[in-house]
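For reference, the structure is listed below as structure tokens.
None of the figures in this text is laboratory data; all of them are computed from the coordinates on show. Here the structure is a predicted model, which means the values were calculated and not measured. For neighbour counting, all protein chains shown are included, and Cβ atoms are generated from backbone atoms with ideal geometry for every residue, glycine included.
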Amino acid sequence: MALDTWLLFLLTSIGISLTPGPNGLLALTHGALHGGQRTLFTIAGGLIGFVLVIALCMFGIGALVQSSVTWLVVLKWVGGLYLAWLGVRLWRAPPVAVNVRAENLKASAHSLFRQGFLTAATNPKCLLFFSALLPQFIATDRSLPVQFAIVATTYTVTEFVTEYAIASAAARVRPWLARVGRRFNQVCGGIFVAVGLALPLRGT
């Protein structure tokens, strides 16, 4: 993966990680319930789930592109429009509400890990999202396994840092989201629209 492409993916990953999503909200909830250290189990499960989804999307897309490079162009534009559509939906979404229930306080490490993993691995929206995003960064003239390793490592590192920070500061983040959550959604939604419309134009 070229350095400029990786830097662009890094910035995109940071933006995605900061956008409210199921795993980020789970980390926030578990952080409020169990503290940042125990929420590491939740985060670890989610990261493994993300790696599996990224692998499924990336190698599936790679196999399709090998049959015809035209498919990559098609996937870039379809994916870009999908990302823009997600941005519009996020812009219009109400502030995130996080409810903390005391009955979850005794959750085991295995239970926390399982919840994180299943939230990432079984979410069809996650599969659609990465299917839309990854074609923007795949280079047909470079090794797909190497690109997968770079993409998976970059995304999991940014996601880990973000989720752990959220979990550790859950007591402060929850009221902040309730106060400025709508504006935060609009900023993130605007970024998604810009990314979705701009990325397919690269190299065309």
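Packing order of peptides 121-131, 140-150, highest average first: 121-131, 140-150 (average count of other Cβ atoms within 10 Å over each peptide's residues).
When each of the peptides 74-87, 37-50 is scored by the mean number of other C-beta atoms lying within 10 Å of its residues, the order from highest to lowest reads 37-50, 74-87. Using θ = phi - 60° in the Karplus curve 6.51 cos²θ - 1.76 cosθ + 1.60, the 3J(HN,Hα) couplings for region 80-87 round to x, 5, 5, 4, 5, 4, 4, x Hz; x is entered for Gly and Pro. For Arg38, nonlocal amide neighbours, meaning residues 5 or more places apart or on other chains whose placed amide H falls under 5 Å from its own, do not occur. A crude spin-label estimate for the pair Leu197 and Ala109, with each label 7 Å from Cα along the Cβ direction, gives 4.8 nm.
Computed from Cα atoms alone, the Kirkwood hydrodynamic radius reported for region 17-83 is 14.3 Å.
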